[in-house]
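J.: Before I ask anything, let me first share the structure, which is written out below as structure tokens.
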There are 2 protein chains.
Amino acid sequence: MGEPTAATPPEPSPDDRRRVGLKDVARLAGVSVKTVSNVVNGYVHVTPKTRARVERAIKELNYRPNLSARNLRRGRSGIIALAVPELDIPYFAELARLIVAAAEEHGLTVLIDQTGGSRHREQQVAEGIRDQLIDGLIFSPLALTADDLSARTDDTPMVLLGERIHNGPADHVVVHNVAAAKEATLHLIALGRRRVAAIGAQDDAAGETARLRLAGYRAALAEAGLPFDEGLVAPVAAYHRADGAAAMARLLDLAEPPDAVFCFNDLLALGALRTLLERGHEVPAEVALAGFDDIEDGRYGTPTLTTVSPDKREIARQAVALLVERMSGTARRGTREIYVDHRLVIRESTTGRKIP
Amino acid sequence: MGEPTAATPPEPSPDDRRRVGLKDVARLAGVSVKTVSNVVNGYVHVTPKTRARVERAIKELNYRPNLSARNLRRGRSGIIALAVPELDIPYFAELARLIVAAAEEHGLTVLIDQTGGSRHREQQVAEGIRDQLIDGLIFSPLALTADDLSARTDDTPMVLLGERIHNGPADHVVVHNVAAAKEATLHLIALGRRRVAAIGAQDDAAGETARLRLAGYRAALAEAGLPFDEGLVAPVAAYHRADGAAAMARLLDLAEPPDAVFCFNDLLALGALRTLLERGHEVPAEVALAGFDDIEDGRYGTPTLTTVSPDKREIARQAVALLVERMSGTARRGTREIYVDHRLVIRESTTGRKIP
């Protein structure tokens, strides 16, 4: 795919003649045909005001770009791919919705590819099994390494999400995992808890998220002068509710069970919460609980879940903006790593149920 | 796209010569090149045993079909699209995962398209904005009508999901909505509840699911000899947790609040549950609660949620099988409507918390 060619407006194909064309949009918006083409193709060097005017005209005239003609002429489809491990992990589903919305503002359609975190599927994604179909890729890998991606021969623009690959071969949008995990753990300690457990450790290569969040947890203990007790760190095979529920059951079976638990994502925390309530433990009176991700689910459970809330809207916005810059060739050389803010949202699972 | 052409094996392109080819796979699997091609292209007239043998050989040799060459020669990409309204409705996320898995068994990759239920985006999907990219479409529309789809000029094979369009222009996989809603309501009545409310009514054109589930609710009341009270039917703008929470608040403000609620999906029920617990009501002692969809979320809340569980795995399996038949040209004329089973899963929100 490489650098995009100059944005010469496509000539109307025979098929287009009966349809609303770029010229009609340009006339109504009071801009040049080239500007309309830039908007339609998601280029960034259009002011927001002009973009809005063109998009209004596109809407009014119900203009639809002739995709196949554009494809053939310019090697651009107006489609980007989002590849994530699992859509039924709500964090990825919420992120997908926000990325679809952010891409829409650039006139781009998103197709979503669920890799299951399998190395084979991720390789297909990275090596552009459908490079002729998409203009760019936002990719949250679980199995591939930085070396895999450096060896990639496909040159479709790509932006990485998640903790798997750093300092790497592509632009990257990420949150401060260590700092965020430390904040959540310090909050539990500040409640007076002294046996703070962690659920979510992982040994395997895919466990980069686990490694960073565990580092934050340990940093908090060290800062508070609490000993690190390996017995309070519960490993899990995956980050689903069932894993959290099973890990919590093991922690409760300890001779000295924890009085607080930091879970490395909200699904683990929701599973742990179920085990605690099922066994008759009060949350937070006996065991306080915090998660990570701020999925909607945790806002409606009882008790509601204290959690680290990454700015998902900003992750989506930055990922799409970086990708559009790469696609339009306006990005500077060298790859960028963008850190997005988070905040600790304190709710009933650490401060108590508020039932009147 | 139309009928597929005969499955002549593609000749190796110059690019293929350094790579593992169909012939290598055929040799290892002990089958003809044509059979390998049939497997790779997802045709159904291959026995499961042969398919398994070929897939083992593909895996062993790490064979990857040359997609662009196949595209050009045969008009097939091995990619199908799944278009759903919203991925952060867990029902759709769970269904997406199962459809990806079912498609994989046919050697097909799924790209997912989130329409937001917007008429414009659904029209793009139906009219094949990317018909050159995909071999088939599994589509859960919210805004389009049967007439819209009958007028469709794109002939990409399509299978419909959901309640929006019946007796229609394409194969359709669906559950018995009226019967299922009736069962859930009868279960609430059988607990001795006499003021059974419904959350999820919708007036607008998109509310076909609502219409069917309301019919089931009314049928249950009639069968039990209970009066239908319009004041106990809570309309909602959408099927999210927030809508359920707000609707429950309105029902609790009635002079005579309900003693049971049937919610038309689990998200509504989880929102309603939050409102009930927040206001200090015991569930189910004071108000029993049932939902629809059996999302994982409802299995881990406290109390766990009684719900109608559609056989989602079977919906996915049937949708992909119908689509593959259409794609391979082996489907009979006329469209088919396949009803998939469901069962009522009874949990704590109607039978009481089980805390030791």
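J.: Residue B:3 passes all but one of (1) within 30 Å of the chain's Cα centre (by Cα); (2) outside any helix (DSSP H, G or I); (3) at pLDDT 75 or above; which number fails?
T.: (3)
J.: Among B:236, B:196, which is the only one that is touching a strand residue (DSSP E or B) at 6+ places or on another chain (Cβ under 9 Å), hydrophobic (A, V, I, L, M, F, W, C) and under 29 Å from residue B:315 (Cα atoms)?
T.: B:236
J.: Is it the case that some residue within the range B:210-226 is over 16 Å from residue B:306 (Cα atoms), in contact (Cβ under 8 Å) with a residue 12 or more places away in the chain and either in contact with a Cys (Cβ under 7 Å, 6 or more places away or on another chain) or of a type in the set (Val, Ile, Thr) (or both)?
T.: Checking the range B:210-226: not a single residue is over 16 Å from residue B:306 (Cα atoms), in contact (Cβ under 8 Å) with a residue 12 or more places away in the chain and either in contact with a Cys (Cβ under 7 Å, 6 or more places away or on another chain) or of a type in the set (Val, Ile, Thr) (or both).
J.: Continuing with the same structure: Output the number of residues of the range B:22-37 satisfying the condition of being out of contact with any Leu (no Cβ under 8 Å at 6 or more places or on another chain), assigned to a helix (DSSP H, G or I) and open to solvent by less than 40 Å² (accessible area, probe 1.4 Å).
T.: 4
J.: How many residues are among the acidic types (Asp, Glu) and more than 14 Å from chain A (Cβ to nearest Cβ) when one looks only at the range B:292-333?
T.: Residues flagged as among the acidic types (Asp, Glu) and more than 14 Å from chain A (Cβ to nearest Cβ) within the range B:292-333 amount to 3.
J.: Within the range B:242-260, work out how many residues are closer than 24 Å to residue A:305 by Cβ and within 28 Å of the chain's Cα centre (by Cα).
T.: Going through the range B:242-260 one residue at a time, the tally reaches 7.
J.: Among A:87, A:95, which is the only one that is in a loop (DSSP other than H, G, I, E, B), at pLDDT 55 or above, surrounded by 17 or more Cβ atoms within 10 Å (Cβ to Cβ) and not hydroxyl-bearing (Ser, Thr, Tyr)?
T.: Every option except A:87 fails the conditions.
J.: Hey, residue A:241 hits all of (1) crowded, with 17+ Cβ neighbours inside 10 Å; (2) at pLDDT below 95; (3) over 17 Å from residue A:342 (Cβ atoms) but one; which does it fall short on?
T.: (2)
J.: Consider residue A:300 against the criteria (1) in contact with an Asp or Glu (Cβ under 6 Å, 6 or more places away or on another chain); (2) surrounded by 15 or more Cβ atoms within 10 Å (Cβ to Cβ): it satisfies all of them except one. Which criterion is unmet?
T.: Exception for residue A:300: condition (1).
J.: Let me ask something else about it. Among all residue pairs at least 6 apart or on different chains, which show Cβ distances below 9 Å where the first residue, located in the range A:145-156, is free of Cβ contacts under 8 Å to residues at least 12 places away in the same chain and the second is surrounded by 11 or more Cβ atoms within 10 Å (Cβ to Cβ)?
T.: A:147/A:169; A:151/A:169
J.: Output the number of residues of the range B:108-119 satisfying the condition of being more than 8 Å from every other protein chain (Cβ to nearest Cβ) and either under 30 Å from residue B:210 (Cα atoms) or open to solvent by 40 Å² or more (accessible area, probe 1.4 Å) (or both).
T.: Qualifying residue count for the region: 4.
J.: I would also like to ask the following. Kindly evaluate residue A:142 against the criterion of being in contact (Cβ under 8 Å) with a residue 24 or more places away in the chain, hydrophobic (A, V, I, L, M, F, W, C), assigned by TED's automatic domain parsing to the domain that holds residue A:163 and open to solvent by 20 Å² or more (accessible area, probe 1.4 Å).
T.: yes
J.: Might you let me know whether the range A:338-346 holds any residue that is open to solvent by less than 10 Å² (accessible area, probe 1.4 Å) and in contact with a strand residue (DSSP E or B) (Cβ under 9 Å, 6 or more places away or on another chain)?
T.: yes
J.: So is residue B:184 open to solvent by less than 40 Å² (accessible area, probe 1.4 Å) and assigned by TED's automatic domain parsing to the domain that holds residue B:201 or not?
T.: yes
J.: Only one of B:110, B:100 is in a strand (DSSP E or B) and assigned by TED's automatic domain parsing to the domain that holds residue B:325. Can you tell me which?
T.: Just one listed residue meets the conditions, B:110.
For every residue, the table says whether it meets (1) at pLDDT 85 or above; (2) open to solvent by less than 20 Å² (accessible area, probe 1.4 Å).
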position	(1), (2)
A:134	no, yes
A:150	no, no
A:180	yes, yes
A:198	yes, yes
A:204	no, no
A:214	yes, no
A:218	yes, no
A:229	yes, no
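J.: Which strands (runs of 3 or more DSSP E) sit wholly inside the range B:170-286 and have at least 3 residues that are aliphatic (A, V, I, L, M) and at negative phi?
T.: B:171-175, B:196-201
The values are calculated or read from the model by the stated rules, or taken from the named source; none is laboratory data. The structure displayed is predicted, hence computed values, not measured ones. As a convention, Cβ positions derive from the backbone with ideal geometry for all residues, glycine included, and neighbour counts pool all protein chains shown. Only protein heavy atoms, including side chains, enter the accessible area calculation; ligands, DNA and RNA are left aside. Shrake-Rupley method; radii C 1.70, N 1.55, O 1.52, S 1.80 Å.
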